Structures are given as structure tokens and as C-alpha cells.
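Below: one structure, written as C-alpha cells.
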Amino acid sequence: GCVLVVSVVEQLAQWHNSTVKAAVERLCNYIPGKYQIICHMLRIDREMNADVVCHSLKLCKQDPGQPLCHLYPPPKREKYSPGLFYALAHAGQKHQIASAHSSHKSFMGFSSICAFPLLANLCEKIKYVIRNKLPFEDFDGDKFSTFPTLRGYHWRGRDCDDKNTTVYPGRRPENWDVKSDSNCNGIWGVDPKDGIPYEEKFCKGADSKGVVLLGDSAGAHFHIPPEWMTVTQMSAKSFANLPVALTDELDWPQFSEITGFLNSTIGGWTDSLYLRLRRRNRCNHRDLQNISQNGILARNQLLDNPAIVVYATIGNDVCNGNRDTLAHMTTPKEMFSNVMQALQYLDSRLPNGSHVILTGLVDGRFLWDNLHDRYHPLGQLNRDITYSQLYSFLDCLQVSPCSGWLTSNETLRNLTSERALQLSNVLKEIARSEKFANFDTFYMDFPLRQTAEEWHKMGGEPWQLIEPVDGFHPSQIAAALGTHITWQKALREWPQVLGKENPFNDQIEAIFKDQGGY
């Protein structure tokens, strides 16, 4: 974190030909409101390599017996002298880094920013959702919210009555919603022409079903905006989305491949399984749940509609930041046990007539092959940081999102992909041979190759399918194209999963166009 912030400050100073102190003030002015307190803790008086600054301030450290981690090439001194070690000693002796107003103690505020009154309340909210994976604002406790972030309706369909626990997206209508909208799809009341409830007229027998993602950070659509660290384009507008990003844990499920429903503001376009199911049957409005990173399923087996559940942990079982990464990967035997346990749980919760799609693991060799020699957003100004350097830095810190794939070691990359294929075959066999009472199961490979081919036809480059800042997660473009490929496969091979088209869609939109908002 320190290296990132100091890098941005020093590049701002360079780009605007200003002092570092002026660059800090510029960055602080870009950041919205109360979040500026984080920035104002930073007081750097002289331009220096970010690694040197952060090691000198003890925010980055070298543990005994561990290498000295650095993102940038070591500062040059003399050809026979170890540049980074010399720079650290020199900086420490001359006290060149921080002003008198900013001692090491105040820099340590980065790890305790929640002590500031302006941020204390926000921090408590974020801690709650990270701990519980449930909406922070949910007055009736039905796991649905009228608030967008903090695990609110960006993650699950928007509640339409947060004071009534029997009203929420995805339930079967109560008394055909004659008097109120019990399932939040915007369809309720009685047709005055014939006295038939609209919900009964338009949705009875329509095979309504929701969509649920059981996923990881890729499914939650993790994204750090590159404009936060690209100084040549940086302005106050660059950080306008900071409050939303932080309160959604740097995830953007509202634009994601499975449950996206808003027009993307992070590049590309939004296309999702949910949006396509909604277009196919308007009665499915708001029936979505993105349960990524250990959220809790909200489905009543007796009262709710069936659901399409996409089980997509596309990398977690082979990805970790450990030095001995292979030893920490899930084995095929463990994979079978874990997935069967999850499916048995789903069988006890999902309404009859549901479907589960098991998605295979990705072949992450694509990452190194297409990014390693490209410049990271932090390295574009001075052409001094490639993704290869970023991966090495994260691996040195033992915080790499995937040591097995984000490495120059080709043998290790191949072994990681080999394990991923073994685990995908476990999923494939489960879908083929295991039976459950309340849902059928299907398997599909993660469509990375088809996505790359489709993007190539559109004139795109493979690297554009990867998040530019972390160099690891699928980008917005990859998410949208993945939806198209998944949908086409489902239409060809499992049309029963998608349900039939509702012939009343146009009538529903005409009558309830003002009640279908998100």
C-alpha cells in the first residue's frame, strides 16, 4: 500500500513538474470528502524511490532470512555497490524522507485509519460486512436491502419493503400480489378489464427462476480502477467512485458476468446471465444473488422460485501466495469432498426444479503469456515497471494472488494448470454421475479460449481481457463476452435451464415500466 501511494505521489510531482509536497496536496484534493484524511497523513518532503521511502519508514520490512522485497529496479550508485541497501542506509542517516510533522508513528496511521472519527463509522460497517457477508442495512433481516453497497442490492436483488420479512426478490407471489408486490418484481395489482391479478396473468406457468452465483473474487468482479494510479489522466473525476468501491470491497458485482444489472462505468459493457434471463422472462426481475467470497444463500425451499446456481470458483483451489504453493493446492480428493458437501447443502435449501452449473477452473497460463513483458499502469510513465516485476514483488511479499501462475517459472505454471485440469475433471465427473433431489447438475469449461477468440474477431488484444491493475482477474470485457458464450452453450445444450420465453414481456413493460427500476 505504501509503495503504491508513494509511487503515485512521486509520479504526480514529475508529471506536473512540482514538488513532492505539492503533489501530495494535489492527490488529496482529488480524493472525495472524508476520505482525504487518509491522504493527509502522508508527508513526503523529497523525491525518492518508493521502495526506499517505504522501507525507511518501516512500513515495508525485511524479515530475518527473507529477501528484501522491492517493486522498482534498485537505485543505481556504483557498479560494485548494492544500490537498494545503500539507498536505505543513506536515507536513514540523512533523515531525508519525512518532515517533522510526519514521524514514523504518524505513518503507521495507515494501519489504524479507523481511529479517525470521520472514518470510524464507515470502518465498522465495512468490518461487519467482511465478517458476516450480509447486508449492513437490512431492517427486516431477510438478507435483502434497499441500500446499494455494504453487501446491499449491488449483490442481491433490491428489497422493495425492508420492514417486512415476507417481502423480498425471488419468492413466489403471495395471493398473486393482488394488493402489493411481495416478490419485488414490480408486477402487482388486478387488471380492471377482467379482474385477473397481473401476476397470475403474466407470470403463472412462466417458469420463473432466479440466478445465484457461488463464486470467488472473479465472480464478485474485483477491480481497482487504473485511473487511480495513472497520473497522466488523473483528476478529481478519477476518484469519484472511491466511496462505492471501498464499501463494495473493491468488487463490482453490479457489472459482473453472472449478476450484473447496471451499465458498466469501469470500461467495456455489461452483459450478464441475470440480464438475459430477465429479458427472456420479465417476471424474473430482481431475482439475483451474488454470493461470492463466502456469502450466505437466501432461498426458502417452500416459498421461493427455483434458481439457476452457477458454482464458479475458477482459481481459488490452485491459487495461493505461499512459497511452496503446490503443497497448498486442493487435491482432487479434497475437491470432491468439498464440492459434494456444498451440493448437499444446496439440495437442502434450493426449491425443487432448480439447476446447478459447475464451472471448471481457468487455465491461468494465459496471464503470464499475455502480460509479463507489458508495462503496468504504475510503470507506464517512466516505462520502469512490468507485470513480471509486479508479480515478483507480490510473490516476495508472499501476498501474490496466485504464486503458481504469476511466475517466470514455466514448470510451475504448467504444474498449476495440470492441477487445475485435474480439479475440473472432478467437477465434470460429479455433474455426470451424482444425482440430487431438488436440482440437476451440468458442467462447462471456463470459456477463456473462446472468449479470447471472440475478442480477437472484434479486433481486441488478449491482454485487454485481464484486469490492468492486479494483472490477474478477468476484465469487464472478458465478463461480458463470457456471458455471451455461456448463454449460447446453454441454448444449444441445456435449454431447459433457461426456461421458456414469456410471451407477455412487452405487456409487462408497457404496464409496469415505472415500477421496474433497480
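The values are calculated or read from the model by the stated rules, or taken from the named source; none is laboratory data. Since this is a predicted model, take the numbers as computed values, not measurements. So basically every Cβ, Gly included, is an ideal-geometry build from the backbone, and we count neighbours across all protein chains shown. These accessible areas exclude ligands, DNA and RNA; they are computed on the full protein's heavy atoms, side chains included. Shrake-Rupley method; radii C 1.70, N 1.55, O 1.52, S 1.80 Å.
Details
- Greater than 28 Å apart at Cα, pairs in Lys21/Lys237; Lys163/Lys193; Lys127/Lys333; Lys143/Lys428: Lys163/Lys193; Lys127/Lys333; Lys143/Lys428
- If you take all other residues with their beta carbon under 13 Å from the beta carbon of Asp207, and give Lys and Arg +1 and Asp and Glu -1, the sum is +4.
- Around Gly499: net Lys/Arg minus Asp/Glu count, Cβ-Cβ under 10 Å: +1
- For the chain, the longest principal axis of the C-alpha atoms and the axis of helix 448-457 are separated by about 80°.
- For the chain: accessible area per residue (Å², 1.4 Å): 46
- Relative contact order of the chain, defined on C-alpha pairs under 8 angstrom at six or more residues apart (%): 15
- Axis angle, to the nearest 10 degrees, between helix 2-15 and the longest C-alpha principal axis of the chain: 70 degrees.
- With every protein chain in place, the chain: carbon and sulfur % of accessible area (1.4 Å): 53
- Modelled FRET efficiency - R0 25 Å, Ser348 with Asp140, Cβ distances, 0.05 increments: 0.60
- Cβ charges +1 (Lys, Arg) and -1 (Asp, Glu), total dipole of the chain, debye: 800
- Separation of alpha-carbon centers, the stretch 192-217 and the stretch 319-370, rounded to whole Å: 31
- Look at where the Cα atoms of the stretch 238-316 and of the stretch 391-408 average out, and the two centres are 29 Å apart.
- Charge dipole (debye, nearest 20) of the stretch 210-505; +1 at Cβ of Lys and Arg, -1 at Cβ of Asp and Glu: 820
- Descending semi-axes in Å of the stretch 210-505, equivalent ellipsoid built from Cα gyration tensor: 32, 24, 17
- Share, in percent, of DSSP beta bridges within the chain that are antiparallel, nearest 5: 25
- For the stretch 342-427: rounded, prolate or oblate by the Cα gyration tensor [a/c cutoff 1.5]: prolate
- Lys/Arg +1, Asp/Glu -1 at C-beta; the chain dipole; positive extreme among Leu273, Phe472, Gln11: Gln11
- Neighbour net charge for Asp395 - beta-carbon separation under 14 angstrom, K R +1, D E -1: 0
- Using alpha-carbon coordinates, inclination of helix 410-433 to the longest axis of the chain, degrees: 10
- Where the Cα pairs of the chain fall when distances are cut into 10 Å bins, in %: 4, 17, 26, 24, 17, 9, 3, 1, 0, 0
- Where only DSSP H runs of four or more residues are counted, the chain gives -11000 deg cm²/dmol as its mean residue ellipticity at 222 nm, each run worth -39500 (n - 2.57).
- Spatially proximal aspartates and glutamates relative to Lys209 (Cα-Cα < 15 Å; intrachain offsets below 8 disregarded): Glu199, Asp287, Asp304, Asp440, Glu501
- Cα-only radius of gyration and Dmax that characterise the stretch 167-215, units Å: 12.0, 46
- For the stretch 391-470, fraction of C-alpha pairs farther apart than 17 Å, in %: 67
- Exposure check, 1.4 Å probe, all protein chains in place: Val5 carries approximately 40 Å² of accessible surface.
- Amide H contacts under 5 Å for Val469, placed H, 5+ residues apart: Ile224
- Along the axis of the charge dipole computed for the stretch 210-505 (Cβ charges of +1 for Lys and Arg, -1 for Asp and Glu, origin at the Cα centre), the listed residues Phe442, Thr232, Gly353 are led at the positive end by Gly353.
- Percent antiparallel among DSSP beta bridges (both partners in the stretch 210-505, rounded to 5): 10
- Cα extents of the stretch 336-382 along the three principal axes, largest first (Å): 58, 20, 16
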